Every structure is written in C-alpha cells, then in structure tokens.
1. With springs connecting C-alpha atoms under 10 Å apart, model the chain as a Gaussian network and identify which of Asp21, Asp87, Asp160 has the largest mean-square fluctuation.
2. If you place +1 on the Cβ of every Lys and Arg and -1 on the Cβ of every Asp and Glu, how big does the dipole about the Cα centre of the chain come out, in debye to the nearest 20?
3. What full-extension length gain, to one decimal in nm, is calculated for Ala17 and Gln118 as 0.36 nm per residue of separation minus the Cα-Cα distance?
4. For segment 5-110, which GluC sites (Glu not before Pro) are in a loop by DSSP, counting at most 10 other Cβ atoms within 10 Å?
5. Using 7 Å Cα-to-Cβ label points, what is the Thr54/Ala35 separation (nm, one decimal)?
6. Which order do peptides 152-158, 167-173 fall in by mean Cβ count within 10 Å, highest first?
7. Compute the whole-percent fraction of alpha carbon pairs in segment 2-189 spaced more than 21 Å apart.
8. Calculate for the chain the 222 nm mean residue ellipticity that helices alone would give, adding -39,500 (n - 2.57) per DSSP H run of length 4 or more and normalising by residue count, nearest 500 deg cm²/dmol.
Amino acid sequence: MRSSRHCLKALREIVLAHDFDEHPDLATLARELGAIAHRDRGRLATELEPLRRTNRFERWQLGPRLASGASLLVMAWPANHATPIHDHAGLWGLELALLGALEVESWARDPHTGSLRQLGRDWLGPGDATWFDTGDPGLHRCRNLSRQETALTLHVYGGDLSEYFAYEQEAQGERWQMLPQRAAIAGRLPG
Ligand SMILES: [Fe+2]
C-alpha cells in the first residue's frame, strides 16, 4: 500500500489508548472508532484499496500485536458473503463497519437443549458497530449487503480469536450442530 495510512493509524491509536480489563467500555470505543470511520470514509477507502479488490473473505491483523493481548483486525467481505452463525469463544468483542454495510442477525442458544433462535436483525453502515461483553454468548451471523462491492470491517477482540464455533442445523426441527472453526490470518497491515 503506497498511500499514507493516517486513518488506519488513528483507529489503532484509539484502540491503544483504551485500557482493556475484563469488561472494557465498548460503547465509548465504538463511538470513538465510529467517528473516524464516518468522517474519513473516503481516505479509509484509499488506504484499504488493495483489500477492496479481494474476491474471498479475509482477516488481516492491523499493526503489531497489542501488549494488552487484545486483537485488532480488518476483515474484507466479498459481495454477498455471509458467515455461518458463530460465537466468539467467550471473548468480549466489537465489530464495526468501515466501508459498505453488513446485516447482523443476533441469535440466542438454549444452554439445555442447544437449540438456537433468532433474536433480531440490524444493519451496520460505515461507523456503526455491534459489541458483546466477556462471557456474553455473542452469537451472530453477518452478511455483506452489497451484490457488487467488497465491505470492510474493523474488529477488536479481548484475545486471540483463532478458534470458535459455528452453528448449523441441517433441516428445520433437527438438532443444531456445533462445528469447530479455525480463523486464519491473511497477513498484517502496517498500522
Ligand atoms: Fe462475529
């Protein structure tokens, strides 16, 4: 990437300025990151130009690993790409749209039967975020709403989210399966 990366750097600095204990103030973090994403949308589009050309779902680490143990990622979502319903391994987390828009379906899981039910559905436009606290189920399914454009999102998690579960039901009325997932990192963006 040849362009200067002021906006990515600003996003990373906001994350670095937060003290992450077990229950960080994610509403404040979302507001601060969202303000940059909203105000500097055009510059972010330039800084992240190479990721906008990808045709597969990719997770990129933004900058060196954080001393706090939290992880900071940018994800690229090809047109129409949807995740399975997934959890976040009990970590706290914040997911924020940088470019494009995501649909987020929230789900709840009955701890006794293991069955899932949909709680709601939100749209995240640039600067909008969803977040969940430590120990929250944080189950959701996300989809890039565009049929043409790649969407880009910023993610902050309270640890290394390399292993988590996806949830699938083969047919209506059948038991829900918990499928172990491994999240690969495509590379590191200078931040
Ligand atoms: Fe997620």
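Just so it is clear, none of the values below were taken in a lab; they were calculated from the coordinates. Bear in mind the structure is a predicted one, so any value in this text is a computation, not a measurement. All Cβ positions, even for glycine, are placed from backbone atoms using ideal geometry, and neighbour counts span all protein chains on display.
1. Asp21
2. Result for the chain is approximately 920 debye, rounded to the nearest 20.
3. On the way: separation 101, 0.36 × 101 = 36.36 nm, distance 3.51 nm.
Here the answer is 32.9 nm.
4. Working: sites: Glu13, Glu22, Glu32, Glu47, Glu58, Glu95, Glu103, Glu105; in loops: Glu22.
Filter output for segment 5-110: Glu22.
5. Reported label-point gap for Thr54 and Ala35 is 2.9 nm.
6. Working: 152-158: 23.6, 167-173: 10.1.
Descending mean neighbour count gives 152-158, 167-173.
7. 49 percent
8. Details: 4 runs with 37 residues, N = 191.
Here the helix-only value at 222 nm equals -5500 deg cm²/dmol.
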